[in-house]
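*Asks:* Supplied in structure tokens, the structure appears directly below.
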């Protein structure tokens, strides 16, 4: 009995996510994607509208997976431990063998700068806007509760954390090791702890 189309689509997106995460987007043509995922050219074009549509599907899946351990803890966090945990999660060994390849969104931003796709840029920009918005609301909430210093501008805290996540993911990708950015992550956490109210 053939598998349901929805299952086949989800499976294809999961395979593509891993392939793009490890190998990048620009380095692979349709033939390379076929070889590494087992997807046929017809399926890539018919179900996803081509390589770009497959990448966008992979990004959506990646972002949905990441929401639970990046954005959700910040939405619910009541003290600085939430953002500290997000930073440290980037350098902790996990079941996901793809973490040494850094962040699929960041990798895509870097690659997309050389061969721009407006749709891809729009989606990655949306993610970073949502990350900044979530961090802003989180830090404002902590300021109102008295958990952090009021004299540190929220915008600076937001950009520090965004920059730290970018740096750590880049270091991990460059070294091919999930803990490559550990020293940087620890330094970032020390800085963040300095924002706590006495």
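Computed from the coordinates by the stated procedures, all read-outs in this text should not be read as laboratory data. This is a predicted model, so every value here is computed, not measured. So basically every Cβ, Gly included, is an ideal-geometry build from the backbone, and we count neighbours across all protein chains shown.
*Asks:* For the chain, what is the calculated [θ] at 222 nm in deg cm²/dmol (nearest 500), taking -39500 (n - 2.57) for each run of four or more DSSP H residues and dividing by its residue count?
*Replies:* The helix-only estimate for the chain comes to -22500 deg cm²/dmol at 222 nm.
*Asks:* Provide the convex hull volume over Cα atoms per residue for the range 1-62, in Å³.
*Replies:* Spread over its residues, the Cα hull of the range 1-62 gives 76 Å³ apiece.
*Asks:* May I pose another question? For helix 182-193, what angle does its Cα long axis make with the longest principal axis of the chain, in degrees from 0 to 90 and rounded to 10?
*Replies:* Around 40 degrees separate the two axes.
*Asks:* With a cut-off of 8 Å between alpha carbons and a minimum separation of six or more residues, what is the relative contact order of the chain in percent? Write out the running numbers ahead of the final one.
*Replies:* Numbers: 192 pairs, mean separation 50.3, N = 198.
That works out to 25 percent.
*Asks:* In 5 Å bins starting at 0, how do the alpha-carbon pair distances of the chain split up by percent?
*Replies:* 1, 7, 15, 18, 17, 14, 11, 7, 5, 3, 1, 0, 0
*Asks:* Tell me the Kirkwood hydrodynamic radius of the range 91-182 in angstroms, computed as one over the mean inverse distance between distinct C-alpha pairs.
*Replies:* For the range 91-182, the Kirkwood estimate is 14.8 Å.
*Asks:* Ranked from highest to lowest mean number of other Cβ atoms within 10 Å per residue, what is the order of the peptides 63-75, 44-56?
*Replies:* 44-56, 63-75
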